[in-house]
1. Looking at the range 17-37 only, could you name the residues that are over 11 Å from the mean Cα position of the chain (by Cα) and either outside any helix (DSSP H, G or I) or under 13 Å from residue 64 (Cα atoms) (or both)?
2. Say we look at the range 10-32 and pick out the residues that are surrounded by 17 or more Cβ atoms within 10 Å (Cβ to Cβ) and at pLDDT 95 or above; which of these is nearest to residue 58 (Cα to Cα)?
3. Can you say whether residue 61 is within 18 Å of residue 90 (Cβ to Cβ), touching a residue at least 40 places away in the same chain (Cβ under 8 Å), in contact with a helix residue (DSSP H, G or I) (Cβ under 9 Å, 6 or more places away or on another chain) and part of a helix (DSSP H, G or I), as far as the supplied structure shows?
4. Given the conditions (1) more than 25 Å from residue 13 (Cβ to Cβ); (2) surrounded by fewer than 19 Cβ atoms within 10 Å (Cβ to Cβ); (3) at pLDDT 95 or above, which single one is not true for residue 89?
């Protein structure tokens, strides 16, 4: 595979990941949380494979939000615990604060 083929395949895969991210947002907006989780999980995996750390962390956060909407607090907490250190590493205090608030919500719902 030539360098340009590799770049093209990588770009195509990231494009697909962004599409899945948007699809997950649409499903969330429609209240179709299970389908959102599937789309966002695929997007998060692709972002992770391509070192798109911010997009990866945001997808993890969105998956957590979907789990919270389904009252799956323990699953949501796992995704929040995964995205929080990435937000910190990338110096994204607003995202970090959102994740911390969501964690508080998880703790309150399981208490």
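1. 28, 30, 31, 32, 33, 34
2. 21
3. yes
4. Residue 89 satisfies every listed condition except (1).
The values are calculated or read from the model by the stated rules, or taken from the named source; none is laboratory data. The shown structure was predicted, so the numbers you read here are calculated from the model rather than taken from an experiment. Cβ: placed from backbone, ideal geometry, glycine included. Neighbour counts: every protein chain shown.
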